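Visitor: Got a structure for you, questions after.
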Amino acid sequence: MTADLRPPAGGRLILPGYQRPAGVHPPLDSPEYRSSRQRAPLRPLVPLPHALTEVTGPLLGSERVTPADSDLTTRHAGEPLGERIIVTGRVLDSGGRPVPDTLVEIWQANAAGRYRHQVDDHPAPLDPNFDGAGRCLTDSLGRFRFVTIKPGAYPWRNHLNAWRPAHIHFSLFGRAFTQRLVTQMYFPGDPLFRYDPIFNSIPDAKARQRLIATFDMDLTEPEWALGYSWDIVLRGREATVFENAGEGR
Amino acid sequence: MSAQGLPVTPSQTVGPYLAIGLPWEDGPFVVPEGTPGAFAISGVVTDGDGAPVPDALIETWQADPDGRFAHPDDPRGPAAPAVPGFRGFGRCPTDGQGRYRIVTVRPGPLPDPGGGTEAPHLDVSVFARGLLNRVVTRIYFPDEEAANAADPVLAAVEPGRRDTLVAVAEPGGFRFDIRLRGDRETVFFDV
């Protein structure tokens, strides 16, 4: 079968790419983070232009998510131990536009700093009422909301007396392959920030701060849960191609 | 020049416990099991010592066999899916031996904004402990020699490393190993 390779109007295919922000993400080569020494590529990355495969991406919808998936505290007969929290925010692109209907996946340790995973041998208790995974879709304004418990800090042997600051892992798709992001949300005022090579792998101190949620009394629900807000910004599209495209019309 | 807008959220590693949150039972199936013409792409992820990476996650994204995406940003407009149940997306964690496996169909060639044609390919993201950001590579097919020779992305890769982006035919499909670091390191892209 022959593929239809024609651009829509018979002319050249117009594809605005995505911005390539410099200095935001941690360098892959970050030797203070010990695991990177065996795994980070040595060769320079080859620039990849943004063509059809890159400006599209999986739009994983409601068939993957039920409303119950966003509450990590109601999966078992009993309630998990720990500080009940609400974590909410918006997924936006760098142009300030909300990213609606996009899948957000999270996973985390329990209140004692233990993951429900066979490799985690930290001598802290598992919680029979906590698995540590959640999912939701953003709404039409790009908002997400999870109910969970505050994860504990835990030791990780990267160096002598190494402890990770409390964090929740976040996975985001956006609407294009270029926008895929996996990151970690931290909690304000954590005394471990200055010692953590993963947090500090982000070269720009201001960019690091963007991973720290804000405690919000307005989100906090009386007699029930503390509220934290955290917005996530994915790279937005380049405008220049659109501008050029208008010239010949 | 207009302002850059909102600053982007930085990446962090998936860490060693991604298996809690990311794998799906049907994740490896880009097309439903039993789809005519479906084949496997499988391989091993290894580190700089050549040791298998047992805690990685592979994700793939590709066009359908007609070279179309069911996506509003494909400027060619909507097209009926060439394969029923085609998802375009695959996701598979590596096992204890560093192995992954997805089941898919061959994507079609794609028009390129530069006026050329991209050879059939899959975009691949690799996530793992030790990677502070995903690394991105591409899988091309070994029996598409003419198309690969004309592919603008392969052309930008130094010739001696292009073979790291081309899968190897094997019974039941193709093999594509991913060497994160060191000897015959896979080509990774700045996307």
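The values are calculated or read from the model by the stated rules, or taken from the named source; none is laboratory data. Because the structure is predicted, anything quoted here is derived from the model rather than measured. Cβ sites come from the backbone with ideal geometry, for glycine too, and all protein chains shown count toward neighbours. Just the protein is used for accessible areas: all its heavy atoms, side chains included, with ligands, DNA and RNA removed. Shrake-Rupley method; radii C 1.70, N 1.55, O 1.52, S 1.80 Å.
Visitor: Hey, in the GNM for chain A with a 10 angstrom Cα cutoff, which one of A:LEU42, A:LEU181, A:LEU141 fluctuates hardest?
Guide: The residue that fluctuates most here is A:LEU42.
Visitor: Ok, one more. Using bins 10 angstrom wide from zero, how does P(r) for the protein assembly as shown break down, in % of all Cα pairs?
Guide: Pair shares across the bins are 4, 21, 32, 26, 13, 4, 0.
Visitor: Still on this structure: On the protein heavy atoms, probe 1.4 angstrom, tell me the percent of accessible surface of the stretch B:1-147 carried by carbon and sulfur.
Guide: Looking at the stretch B:1-147 in its full context, I get 55 percent from C and S.
Visitor: Right, another one. In the stretch A:136-170, which trypsin sites (Lys or Arg not before Pro) are in a loop and have at most 10 other Cβ atoms within 10 Å, using DSSP for the loop call?
Guide: A:ARG157
Visitor: Can you send over the carbon and sulfur percentage of the accessible area for the stretch A:88-221, probe radius 1.4 Å, protein chains only?
Guide: Reported share for carbon and sulfur atoms: 54 percent.
Visitor: Return one whole number: the accessible area per residue of the stretch A:58-97 in Å², for a 1.4 Å probe.
Guide: Ligands and nucleic acids excluded, the result is 49 Å² per residue.
Visitor: Also: Short version: ³J(HN,Hα) in whole Hz for each residue of the stretch B:18-33, in order, from phi by Karplus 6.51 cos²θ - 1.76 cosθ + 1.60 (θ = phi - 60°), x for Gly and Pro, what are they?
Guide: Those phi angles translate into 4, 5, 5, x, 9, x, 10, 4, 9, x, x, 9, 5, 10, x, 3 Hz.
Visitor: May I ask for the accessible area buried between chains B and A, both sides summed, probe 1.4 Å, to the nearest 100 Å²?
Guide: Between B and A, the summed buried area is about 7400 Å².
Visitor: Shifting gears a bit: Which value, in Å², gives the accessible area per residue of chain B when a 1.4 Å probe is used on the protein heavy atoms?
Guide: Normalised by residue count, the accessible surface of chain B is 37 Å².
Visitor: A further question on this structure: Give the ranking of A:ASP121, A:ASP218 by solvent-accessible surface, highest area first, calculated with a 1.4 Å probe.
Guide: The residues order as A:ASP218, A:ASP121, largest area first.
Visitor: Report, in debye and to the nearest 20, how large the dipole of the stretch B:18-179 comes out about its Cα centre when Lys and Arg carry +1 and Asp and Glu carry -1 on their Cβ.
Guide: For the stretch B:18-179, the charge dipole is close to 200 debye.
Visitor: Turning to a different aspect of this structure: Show me, for the stretch A:215-220, the HN-Hα J-couplings you get by feeding each phi into the Karplus relation (A = 6.51, B = -1.76, C = 1.60, θ = phi - 60°), rounded to Hz, glycine and proline as x.
Guide: Couplings: 5, 9, 5, 6, 8, 5 Hz.
Visitor: Starting from the amide H of B:ASP66, placed 1.01 Å from N in the peptide plane, find each other amide H under 5 Å away whose residue is 5 or more places distant or on another chain.
Guide: B:ALA82, B:GLY108
Visitor: What's the FRET efficiency of B:THR117 with A:THR220 using the Cβ-Cβ distance as r and R₀ = 60 Å, to the nearest 0.05?
Guide: FRET efficiency, B:THR117 to A:THR220: 0.60.
Visitor: Please list 3J(HN,Hα) in residue order for the stretch A:113-130, calculated via the Karplus relation 6.51 cos²θ - 1.76 cosθ + 1.60 where θ = phi - 60°; whole Hz, with x for glycine and proline.
Guide: Values, residue by residue: x, 10, 8, 7, 8, 4, 7, 7, 10, 4, x, 10, x, 6, 10, x, 9, 9 Hz.
Visitor: Can you bin every Cα-Cα distance in the stretch B:18-179 into 5 Å intervals starting at zero and give me the percent of pairs per bin, rounded to whole numbers?
Guide: The distribution over the stretch B:18-179 is 2, 9, 17, 21, 20, 17, 10, 4, 1, 0, given as percents.
Visitor: How big is the dipole moment of the protein assembly as shown about its Cα centre under a simple scheme where the beta carbon of each Lys and Arg is +1, that of each Asp and Glu is -1, and everything else is neutral? Debye, nearest 20, please.
Guide: 620
Visitor: What average number of partner chain Cβ atoms lie no more than 10 Å from the Cβ of the residues making up A:21-28?
Guide: Mean number of neighbouring Cβ atoms from other chains: 5.
Visitor: Relative contact order for chain A: what percent, with Cα pairs under 8 Å and sequence separation of 6 or more?
Guide: Computed value for chain A: 26 percent relative contact order.
Visitor: Need one number: convex hull volume per residue for the stretch A:52-144, Cα atoms only, in Å³.
Guide: Enclosed volume per residue, from the Cα hull, is 147 Å³.
Visitor: Which residue, chosen from B:PHE89, B:GLY5, B:GLY34, occupies the Cα position most advanced towards the positive end of the dipole of the stretch B:1-157, where the dipole is computed from +1 (Lys, Arg) and -1 (Asp, Glu) charges on Cβ about the Cα centre?
Guide: B:GLY5
Visitor: Given contacts defined as C-alpha pairs under 8 Å and at least six residues apart, what's the relative contact order of the stretch B:18-179, whole-number percent?
Guide: 28
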